[in-house]
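As structure tokens, the structure follows; a few thoughts come after it.
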Amino acid sequence: MHMVTNKKIKFKNPLLIAEWLDTALEKEKEKLEKCPVNPDMVVGYVNAQGWVYVVTGYFLIESALKAILFVHGLSKVPMIHSLSRLFGLLKESDKDALREYYDDYRATIGGTLASYSA
């Protein structure tokens, strides 16, 4: 079932959004420290332990990308959830900045952020 909505999204102050996202990320870090994902011979068990962090992380990234789009003047932020499509809508300078941060993070475990288009 697909629900069509004409709901207009009202955004909060971008500085508040950034602060809230940062606070949420810090809380996720605290949770992970107190309840780490422990290795196990059963891969499904390991995945189940980490699932809550994946879901929360995805939502935080989606919200952050939409906030960046809104702050940079996109008057109608799309109601989509695909991170690659949202990333593709960013200005090249924003993509470059995010790639730099991502590459810094990934340097410890290998890999790079691919180029995505909308």
So how exposed is D40, as accessible area in Å² (1.4 Å probe, rounded to 10)? 70
Ranking by accessible area, most exposed first, for T23, T56 with a 1.4 Å probe: T23, T56
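Under a 1.4 angstrom probe, counting protein chains only, how are S75, S63 ranked by accessible area, largest first?
Final ranking, largest accessible area leading: S75, S63.
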Just how much of I80 is accessible, in Å², when a 1.4 Å probe is used and the result is rounded to the nearest 10? 30
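The values are calculated or read from the model by the stated rules, or taken from the named source; none is laboratory data. Remember, predicted model here, so these are calculated numbers, not experimental data. The protein model used for the area step is the full one, side chains on, heavy atoms only, and it has no ligands, DNA or RNA in it. Shrake-Rupley method; radii C 1.70, N 1.55, O 1.52, S 1.80 Å.
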